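The values are calculated or read from the model by the stated rules, or taken from the named source; none is laboratory data. Fair warning: this is a prediction, and the values are worked out from it, not measured in the lab. No Cβ is skipped: glycine too gets one built from the backbone with ideal geometry, and neighbour counts run over all protein chains shown. Calculation scope for accessible area: heavy atoms of the full protein, side chains included, ligands and nucleic acids excluded. Shrake-Rupley method; radii C 1.70, N 1.55, O 1.52, S 1.80 Å.
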Amino acid sequence: MSKVDNSTILIVNDAPDALELMRLQLHQAGYQILTATGGREGVDVALHQRPDMVISDVAMPEVNGIELCRMIRAEDRLGTVPILLVSAIHKEDAKAVEGLKAGADDYLEVPYNQSRLVAKVARLLERKRAEGALKFQAHLLNTVEQAVIATDLDGKINYWNGFADKLYGWSAAEAIGGNVLDLIPSKPTLAQ
């Protein structure tokens with residue numbers, strides 16, 4: 001496999017063989033790997049090492065993968081880190097749904113093939129990068145000292161920055177959904 005990127009992935013699994021197999025598969029794909037043998041240790045490693053992604057087994061003693069999701073999502077520094085839950089319990093839809101509700105971004109059943117694992121990891125990391133870029137762009141647009149207003153092809157306003165609030169006297173909540181033509185003052189008519 002070719003090198004994908006140098007993102008750091010934390011793998012959390014209490015089964016040494018499964019942990020080592022996944023570590024090797026992702027290392028071969030070009031990722032930097034951190035490991036933890038339990039949920040509590042996984043959260044500690046995540047807090048100290050700040051990985052780009054966490055992959056966790058669901059069924060672990062003490063702190064399972066679902067609780068690990070909740071603990072990671074509760075930390076501001078880790079709130080946007082993608083989490084992939086892995087389970088060897090087949091057709092365990094309730095656990096998958098519970099994991100997604102707890103903050104997991106995706107779910108993978110064992111056995112899986114290496115290409116599927118690597119594809120899921122790449123997709124989750126790319127989504128994280130795209131979301132980060134969008135947040136950065138939104139921050140820039142909202143702090144620029146010019147009104148920035150975006151519309152669809154029909155003139156319906158779908159973005160309104162903070163400076164537009166000041167310039168037009170409308171809040172974003174008032175402006176979004178309205179028509180950009182409403183911003184143009186009507187021309188005075190001449191008396192006849």
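Some notes on this structure:
- On Cα atoms only, tilt of 16-28 relative to the major axis of the chain in degrees: 50 degrees
- Summarising the label geometry, the points placed 7 Å from Cα in the beta-carbon direction at residue 98 and residue 80 lie 3.0 nm from one another.
- Amide hydrogen neighbours beyond the local backbone of residue 33, cut-off 5 Å, H modeled: 9
- Among 14, 76, 154: highest mean-square fluctuation, GNM of the chain, C-alpha pairs under 10 Å: 154
- Sites listed here are trypsin sites (Lys or Arg not before Pro) in the stretch 1-109 whose DSSP assignment is loop and whose Cβ has at most 11 other Cβ atoms within 10 Å: 3, 91.
- Between 13, 113, 64, the GNM of the chain built on Cα springs shorter than 10 angstrom shows 113 fluctuating the most.
- Sequence-distant residues sharing a close amide H with residue 38 (under 5 Å, placed H): 13
- Per-residue ³J(HN,Hα) for the stretch 59-64, Karplus 6.51 cos²θ - 1.76 cosθ + 1.60, θ = phi - 60°, Hz, x for Gly and Pro: 8, 9, x, 6, 9, 7
- Residue-span extension gain [residue 27 to residue 6] - 0.36 nm each, minus C-alpha spacing: 6.6 nm
- Highest mobility in the GNM of the chain, judged by mean-square fluctuation with C-alpha springs under 10 Å and restricted to 149, 66, 11, is found for 149.
- Taking each DSSP H run with n ≥ 4 as -39500 (n - 2.57) and averaging over every residue of the chain yields -13500 deg cm²/dmol at 222 nm.
- Label point distance in nm, residue 153-residue 44, each placed 7 Å from Cα along Cα→Cβ: 5.8 nm
- Treating r as the C-beta distance of residue 109 and residue 134 and R0 as 35 Å, the FRET efficiency rounds to 0.70.
- The phi-based Karplus calculation (6.51 cos²θ - 1.76 cosθ + 1.60; θ = phi - 60°) puts the 3J(HN,Hα) values of the stretch 111-118 at x, 10, 9, 4, 5, 5, 4, 4 Hz, whole numbers, x for Gly and Pro.
- The solvent-accessible area of residue 80, taken with every protein chain present and a 1.4 Å probe, is close to 90 Å².
- Amide H contacts of residue 55 (H built 1.01 Å from N, under 5 Å, at least 5 apart or other chain): 10, 11, 12, 84
- Checking the Cα-Cα distances for 135/156; 120/156; 101/135; 128/156 against a 32 Å cut-off, the pairs over it are 120/156.
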